[in-house]
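The values are calculated or read from the model by the stated rules, or taken from the named source; none is laboratory data. Please read these numbers as outputs of a predicted model, since none were measured by experiment. Cβ placement follows ideal geometry from the backbone for every residue including glycine, while neighbour counts extend to all protein chains displayed. Keep in mind that these areas ignore ligands, DNA and RNA; they rest on the heavy atoms of the full protein, side chains included. Shrake-Rupley method; radii C 1.70, N 1.55, O 1.52, S 1.80 Å.
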Amino acid sequence: MRKFFFLSLALSLAASTSFAQELNKAEQLQQKDFSKLMTNKCEANVNRLATPVNRVVKRSAADNFYYTIPEGSLFGCSNEAGNFWKGTMLIVPPFSDGVFTPVCADPSTAKWSIGTFDATPYTEDGNKLPYGIISNCYDSYLYYMPQLTSADGSLSFMYGEYGENPELSRTYVDSIASHSFTDFDHLKGAGFGAMSSGLLYGSGTINFPDGTVGSMYGVEQVFPKPASPLYVENIHALVYSTTDTPFGPNDELTLYITDVKEATSSNGTTYETAGDKVFAVLKANADDLTYLFDGDVQFTPTGKAYGWNITFQNTSEDVFGNEVVDPFVLNDKFCVTIVGWKDSKIDLGFLGSISADEDLFPYTASPMVYNVAQPDELSYFSYQDDIALSLGFTSCYDLVETLPALPLDDGSVAENTNILKVSKDGLTVTNESLTAVTGKDVNFAYVANSLPWYDNEGNENYYDSNLPEWMTIVAQDETTQEGTRTGYTHVTVECEPLSGNESGRAASIYFEGKGYTSETPLIVLQGNATIEDAITNPIVVKPSANASYYNVNGQMVSKDTKGLVISNGKKFINK
């Protein structure tokens, strides 16, 4: 259940002022110390050769004292250039409540603290100590991540304390940026493994106790359902090779994103694996590699390791020949499967992150190998540590929601704030609910949206399709006096006058974003139209496969209009 905050201007200014100087992305990003990664090697549990079974969350430390992050949340992670966040950044959906659940022998002995600068208990409530995140829009409303501390002060934990600068650990909402389901920038990394190449999840062979030899086929991992629809532009990762030519001229890796199904192994064990429904298929070859570094190591046959970023994405050409990215949306539990080593000369291996004692991430990567003597026989093996793939998702949580009610500063609630009434001549638009509680003329409804309504080029991030001809949407992002977005947009309408034989008309308008469709409509009542008209016989404008089309002057046109038209930020020429 999402909770919306009608924040006063004073609170907006206070929040953005206190954190604006603390979190400067340009200052926080720095080159990662890859020399530490290049010393970590994991040995295979080849005796456990079997179909993989995803582990459950557990606690290995004797004190059994930790907390879980809000389910499906993400972490800020290294970008394609190898730069990373200095502190742990937990990404939560915009306008959402985040609940951190402590898991310890006696929850009553725990208390919340906010970060390391405030030791005051926050709240205590039996087995659950909720911490509501007022996380409005990106670059504002940033709060330190909670710290779980025992009553006597002898034990404490804050996620990120094993990385650098744990005092910078915090929750926030980002725009489109690099995110991961594990905090692999700050957890212990693993770059090398038991394959003959010395790589972890990559090329080479492995010898099993029964005398068989397995050759690398691929790697598979299940991921949790994102906390909110996740708009993804690409998937990238830091990879190693043992030579400076990881790909042959015709080699490529393929990354499949599928649903998840439950299967049963030959010994009766149930496990989760890739399902049959394909969400996305992404490719990468030599052109998708970016060189980062190289160094001497003891784990590879060549004594060298080369570090690269690899980017998986789908692109297409618009009518002007420009390459554009084809994004996709993840809104369910999913499985990533990467294949391409078989029958190729690929010399490449993916890195992993080893979960700390907290074991917050319950899924591990499973290398897949085929029997060299019987190529159709596929097997899995595991490593001694629980290791997850270090994949970065260039993505964002999106949200666009018309607010039907708004809590006010005095504790009261303004109802029906999603209704706009328009005069017969179309010249006057009124939000009667907000006008009544504010004492001022208000002609708009509040819409909560994580991204700006318009991008830097003036294209809509949020849109409505199939609007009636008599109506146009006008949107303006709300900002503080310092120019920072609050995360709310003032949305109003422009309507044509009613014709001589019309007494009123109504429309219910739903907005669509990057993978998210509003659950509550903006209701427009013109003339003598009533709520009953909107409910019983409205023009329901729900998003469809056909988006809105505009000409170069920004005027809405039909999809059959000849010449240059713009739809969803892309330009087309209709002949």
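Please list the equivalent ellipsoid semi-axes of segment 408-494, computed as the square roots of five times the alpha-carbon gyration tensor eigenvalues, in descending order and whole angstrom.
Output for segment 408-494: semi-axes of 22, 20, 11 Å.
In whole percent, and with a 1.4 Å probe on the protein chains, what portion of the accessible area of segment 321-472 is carbon and sulfur?
44
Simple spin-label model, 7 Å along Cα-to-Cβ: THR520 to THR243 in nm?
For THR520 paired with THR243, the spin-label model returns 6.1 nm.
Would you work out the charge dipole size for segment 221-338 about its Cα centre, treating the Cβ of every Lys and Arg as +1 and the Cβ of every Asp and Glu as -1, and quote it to the nearest 20 debye?
Result for segment 221-338 is approximately 500 debye, rounded to the nearest 20.
Extension gain ASN416-GLU482, at 0.36 nm per residue separation less the Cα-Cα distance, in nm?
Here the answer is 20.8 nm.
Step through the table entries LYS424/LYS514; LYS304/LYS342; LYS277/LYS514; LYS283/LYS514; LYS41/LYS514; LYS304/LYS345, compare each Cα-Cα distance with 29 Å, and write down the pairs that go over it.
Over 29 Å apart, Cα to Cα: LYS424/LYS514; LYS41/LYS514.
What FRET efficiency comes out for the pair LYS440/SER196, r = Cβ-Cβ distance, R0 = 56 Å, nearest 0.05?
Efficiency computed from Cβ-Cβ geometry: 0.15.
For segment 195-285, give the percent of accessible area contributed by carbon and sulfur heavy atoms, probe 1.4 Å, rounded to a whole number.
Answer for segment 195-285: carbon and sulfur cover 44 percent of the accessible area.
To one decimal place, what orientation-averaged projected area in nm² is obtained for the convex hull of the Cα set of segment 253-309?
Dividing the Cα hull surface by four gives the mean projection, 6.9 nm².
Determine the per residue accessible area of segment 172-327 with all protein chains present and a 1.4 angstrom probe, expressed in square angstrom.
Per residue, segment 172-327 has an accessible area of 40 Å².
Would you kindly state how much longer the chain becomes between ASN466 and ASN314 on full extension, computed as 0.36 nm times their sequence separation minus their alpha carbon distance, in nm to one decimal?
Computed gain between ASN466 and ASN314 is 51.9 nm.
How much FRET efficiency would the formula 1/(1 + (r/R0)^6) give for LYS41 and SER499, where r is the Cβ-Cβ distance and R0 is 56 Å, rounded to 0.05?
E between LYS41 and SER499, to the nearest 0.05, is 0.15.
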